[in-house]
Amino acid sequence: MGSGPAESGFRVTWQGVRPAFVRAESRELDMGIMDFVKGGVREMMIARPDRFKNLIVYKHPDQNVPFWSQLTVDSDECALFFKDGKYMGYLPPGRHTLQTQNIPFLNNLINSFTGGDVFIAEIYFVKMQPIRSVPFGGPLESMEDPILYEFVTPRIFGEFSLVVTDPVRFVIGYHGQAAGAQDNDVILNWIKGLFFMSVKTVIGTMCAQQGKSLLNLGGMSMEIAGRIQQSAPNLDEIGVKILQIGNFNINFAADDQKRLTEANKARAEARRGVGIAADTARANQFQLDQKFQQDARNAQHLGTNPGWNNYAAGQAMMGAGEGMAKGGGNTGVAQLGAQAAIGMGMAQMMHPQNFQQPQYAQQPQPPQQQAAGGTQSVEARLQKLAALKQQGLISDEDFNARKAKILEEI
């Protein structure tokens, strides 16, 4: 009877204590299961972490990959498998279960020491979409302006885009199989340097070929970008291709800009002077052509008309007058005669068959010189003698004396 309560109390006590132990053991077991699950999930799911989405190449840090792991490849990348420095296989975008049944090349990655439960491989995630906004730029070496002949140092900045065309060649031939720096600038440093050198070559060639100053480069950005893209370095050996050039900008240091501007101003002034002189020469030539055409029309109009002689002489006299007006009072009668002679020479060249010397008043020759020729008749000589008397060139006494002498010859 007495044992009932004792047993009952014992049972109560035991029942009160036992749940505490059970709960403690249960919590430890749950934590162990969660740790196992978390670790297993972490090992079973393989993908590029979000914080490394921008990298061109990302290497998975663990080479031990459990069988049946789920590997996720983003839509803009691929996954490469290497073992002992050798390329083993490639997986395209998508989710892949790592098993030999659907991925045959994994047979070469199985670790026999684990009973076939683990793959040993280096996994690289490589971006296959264009990588844009890759910056480049800096000062070029000193260059001579092909037009202004000044040495300056252009500064060029911009961005370019590229794409990995052969991921295997890019990893093996350029990036390397080490984990590498987690930075695209470091990865692309050599490519940017090589590209920048091609920029300098293109700029120097274009300026020389087109005969343009370096000052004109700012307005040629699109054309230069196209030429740079065409002349981009050949990167096939590392599986990369340059696509586009963007935000291209060329500028100069303040001293270089000032030197080029001043040289260009001096060149413009020299060209302006040459242009003015050429325009003046063309204007003068035009006036001469117009004058010649007018004279030709007048000559054609006058034809055999004796008035041409008077026109030519008048033009010569007008030219002489203009010369006296421009040259002052020291032109003189000699220059006036020269102008008249020029005018008559032009008339004779244009109408030699009709040209006659202008009839100026002449001093009469002595009668004996005219008679000595014997070429005129007595009547003609008497008529001429009468004309001289009528013009008042000889007196009545001379007329009578000469007339008597002519008559004596009959």
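The values are calculated or read from the model by the stated rules, or taken from the named source; none is laboratory data. Only a predicted model underlies this, so the values are computations on that prediction, with no experimental measurement involved. Cβ coordinates were reconstructed from backbone atoms using ideal geometry, including for glycine residues, and neighbour counts include every protein chain displayed.
Annotation note: of ILE276, ILE228, the sole residue that is under 14 Å from the mean Cα position of the chain (by Cα) and over 23 Å from TYR124 (Cα atoms) is ILE228.
A single member of LYS192, LYS241, LYS200 is part of a helix (DSSP H, G or I) and at pLDDT 80 or above, and it is LYS192. Close Cβ contacts (under 6 Å, 6 or more residues apart or on different chains) running from residues in the stretch 383-410 that are surrounded by 12 or more Cβ atoms within 10 Å (Cβ to Cβ) to residues that are of a type in the set (D, E, K, R) and part of a helix (DSSP H, G or I) comprise LEU385/ARG402; PHE399/LYS389; ILE406/ARG381.
Within the stretch 187-208, residues that are among the hydroxyl-bearing types (Ser, Thr, Tyr) reach partners that are part of a helix (DSSP H, G or I) and surrounded by 12 or more Cβ atoms within 10 Å (Cβ to Cβ) with beta carbons closer than 8 Å, at six or more positions or on different chains, in the pairs SER198/ILE228. Looking at the stretch 269-287, can you tell me whether even one residue there is of a type in the set (Val, Ile, Thr) and assigned by TED's automatic domain parsing to the domain that holds ASP145? The answer is no, given that none of the residues of the stretch 269-287 is of a type in the set (Val, Ile, Thr) and assigned by TED's automatic domain parsing to the domain that holds ASP145. Beta carbons closer than 9 Å, at least 6 apart along the sequence or on distinct chains, pair a first residue in the stretch 44-66 that is more than 14 Å from VAL126 (Cα to Cα) with a second that is of a type in the set (Gly, Ala, Ser) and modelled with pLDDT under 90 for PRO61/ALA179; PRO66/GLY40. Whenever a residue of the stretch 272-292 is among the polar types (S, T, N, Q), it has no partner that is surrounded by 10 or more Cβ atoms within 10 Å (Cβ to Cβ) lying with C-beta atoms less than 9 angstrom away and at least six residues away or across chains. Here ALA254 qualifies as exposed (fewer than 10 other Cβ atoms within 10 Å of the Cβ), out of contact with any Cys (no Cβ under 7 Å at 6 or more places or on another chain) and of a type outside the set (Val, Ile, Thr).
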